[in-house]
Amino acid sequence: MIVSRRNVLLGLGGAMLAGPARAAVPEFQRLASEIANTAADLPGIVRLGSKSADVTLYEFFDYNCPYCKHSSRDVRPLIKGDKNLAYVLVNYAVLGIPSIAATKVALAYGEKHTPQQYLRLHEALFKLHGPVDGLRALGVAVKLGGDRKALETRGDSPEIGQIALAAARLGESLGFQATPSYLAGAEGHGGYLDLATKRELIANLRACEKANC
């Protein structure tokens, strides 16, 4: 079952259980472009907004991170207000077994549903009070049109475990020590960014792209 501790550890090898802490104060760092550029090929990501964006912002989040809950409220305003922006959600389950189990459900749901449908799941999971685990995520996913048996089967599959692990490994390679963390071009921002700061970051990145800096 998705909530089985044994299956969670088998699927991810326990590699994600001692992950980044929650953080409110963002930390900026320059990243190696060859590593940052691999984010676009990461399996399981959810790309929202423009299909021909000039700026792409990646958010690495965990469904049990309180600052990620705040950040989830910014996604719609950002993509509605900026027609040239792509906002990419990356399941970065690093805060324990419940987070890993919830992420497995979310990844399985995302394979069978559109990015907009996934966004509804994303928002609904962050509206839950208390810890979010596999069972709670499964209940929400089923309410939003997911097939319970299919989600359980796919969520427990080795392939989904490897998708989650790939995100954890990339986040580690990028030096992300907080949730949420953001990737913009070759810039990493670890820790929560409010809506205004995200817009400023996007504007600065766009200006830099135009100036070829």
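Over segment 105-213, how many percent of alpha carbon pairs lie in each 10 Å bin up to the one with the longest distance?
12, 31, 35, 17, 4, 0
Less than 27 Å apart at the alpha-carbon level, and either on another chain or at least 8 residues along: which lysines does that give for Lys83?
Lys51, Lys69, Lys112, Lys127, Lys198, Lys210
Determine the relative contact order of segment 29-126: mean sequence separation of Cα pairs under 8 Å and six or more apart, normalised by residue count, in whole percent. Walk me through the intermediate numbers first.
Values: 114 pairs, mean separation 34.0, N = 98.
Relative contact order, segment 29-126: 35 percent.
Rounded to the nearest 0.05, what FRET efficiency do Leu195 and Gln162 have when you use their Cβ-Cβ distance and R0 = 35 Å? Don't jump to the answer; show the numbers that get you there.
Working: r = 34 Å, r/R0 = 0.96.
About 0.55, to the nearest 0.05.
In square nanometres and to one decimal, what's the mean projected area of the convex hull around the Cα atoms of segment 131-195? Show your work: numbers first, answer last.
Numbers: hull surface 25.1 nm².
Computing the convex hull of the Cα atoms and averaging its projections yields 6.3 nm².
Hey, what did segment 164-213 get for relative contact order, percent, Cα under 8 Å, at least 6 apart?
On the way: 26 pairs, mean separation 11.5, N = 50.
Once normalised by length, the contact order is 23 percent.
Between Lys143 and Arg76, what's the calculated FRET efficiency when r is the beta-carbon distance and R0 is 35 Å? Round to 0.05. Kindly include the intermediate steps, with their values, before the conclusion.
On the way: r = 20 Å, r/R0 = 0.56.
The value I calculate is 0.95.
What is the Cα coordinate range of segment 79-160 on the first, second and third principal axes, sorted by size from largest, in whole angstrom?
For segment 79-160, the Cα spread along each principal axis is 36, 25, 24 Å.
Given the options Gly96, Leu107, Leu57, identify the residue whose Cα lies farthest towards the positive end of the charge dipole of segment 33-108 (+1 on Cβ of Lys, Arg; -1 on Cβ of Asp, Glu).
Working it through, the farthest residue towards the positive pole turns out to be Leu107.
FYI, it's all coordinate maths here, none of it is from the lab. This structure is a prediction, so every number in the text was calculated from the model and none was measured. Cβ atoms come from the backbone with ideal geometry, glycine included; neighbour counts cover every protein chain shown.
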